[in-house]
1. How do the pairs read when you match residues in the range 88-99 that are under 23 Å from ALA10 (Cα atoms) and in contact (Cβ under 8 Å) with a residue 12 or more places away in the chain with residues anywhere that are in a helix (DSSP H, G or I) and not hydrophobic (A, V, I, L, M, F, W, C), using Cβ under 8 Å and keeping only pairs 6 or more apart or on different chains?
2. Can you tell which of LEU22, LEU74, LEU53 is out of contact with any Asp or Glu (no Cβ under 9 Å at 6 or more places or on another chain) and closer than 30 Å to VAL151 by Cα?
3. Could you please give the count of residues in the range 165-184 that are crowded, with 17+ Cβ neighbours inside 10 Å and modelled with pLDDT of 95 or more?
4. Could you tell me whether ALA62 is touching a Ser or Thr at 6+ places or on another chain (Cβ under 9 Å), surrounded by 14 or more Cβ atoms within 10 Å (Cβ to Cβ) and either closer than 16 Å to ILE106 by Cα or among the basic types (Lys, Arg) (or both)?
5. What is the number of the single condition among (1) under 14 Å from the mean Cα position of the chain (by Cα); (2) farther than 16 Å from ALA85 by Cα; (3) among the polar types (S, T, N, Q) that THR133 does not meet?
6. Filter the range 185-197 down to residues that are surrounded by 15 or more Cβ atoms within 10 Å (Cβ to Cβ) and free of Cβ contacts under 8 Å to residues at least 40 places away in the same chain and give me whichever is farthest from ALA107 (Cα to Cα).
7. Which is in contact (Cβ under 8 Å) with a residue 40 or more places away in the chain, assigned to a helix (DSSP H, G or I), among the polar types (S, T, N, Q) and under 21 Å from VAL97 (Cβ atoms), of GLN6, GLN21?
8. Do you know which residues across the range 148-184 are among the aromatic types (Phe, Trp, Tyr) and touching a residue at least 40 places away in the same chain (Cβ under 8 Å)?
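The values are calculated or read from the model by the stated rules, or taken from the named source; none is laboratory data. Keep in mind the model is a prediction, meaning the values are calculated, not measured. Cβ placement follows ideal geometry from the backbone for every residue including glycine, while neighbour counts extend to all protein chains displayed.
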Amino acid sequence: MSKGEQTREAILDRALGLASQLGLEGLTLGRLAADLALSKSGLFAHFGSKEELQVETLDRAAARFTEVVVAPALAAPRGVPRIRALFQRWMRWPELVPQPGGCVFIAAAAELDDRPGAARDRLAELEREWLGTIATAVRAARTQGDLRAGVDPEQFAFELHAIMLGYHHASRLLADAGAAGRARAAFERLLAAARRG
């Protein structure tokens, strides 16, 4: 990896941390330059616009998410163990990749849900891919008999995503010390309802 690529990676890692705290709109080239002790013109060499920085920050977050959540979870055996690994790694995502403000995707979703543009489009695409990953794991579990034949993979993915949104809200906004336990209990109920028998 060249020095320029290393610098770019360091910039995007810092941008990811800032975006989790300030939102993508609060992520500016000026703020990032000050945080990294770089010149603003130096950052412009890497990112031509604020929107490009936002999209690339989301892409960096997605790459890190794949690295620390998706890839290790997909290494688990197919079926319920893989679904469980996806959930457990997802719960740890903001700690595995430091995000002082919590999950950058959840923060960005609240910020961008009604703002058209490249960042919103990219975020929606990433969310669809993640829901698709969960649904694929559920399909595989259903095919091998770990889950009932009638389980709807997309519905399962929707409900699991809702659990995680609730967990984030309870743990971040409400500072509920029991949020992780509640999320785990909700996951176990969802899984139990989808099992055979």
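1. That search, which allows pairs on different chains as well, returns PRO94/SER20; LEU96/ARG89; VAL97/ARG64; PRO98/GLY17; GLN99/GLY17; GLN99/SER20.
2. Result of the check over LEU22, LEU74, LEU53: LEU74.
3. Going through the range 165-184 one residue at a time, the tally reaches 4.
4. So ALA62 fails the test.
5. (2)
6. In this case the residue turns out to be LEU190.
7. Of GLN6, GLN21, the one residue that is in contact (Cβ under 8 Å) with a residue 40 or more places away in the chain, assigned to a helix (DSSP H, G or I), among the polar types (S, T, N, Q) and under 21 Å from VAL97 (Cβ atoms) is GLN21.
8. Applying the first criterion (among the aromatic types (Phe, Trp, Tyr)) to the range 148-184 yields 156, 158, 167.
Passing the criteria: only TYR167.
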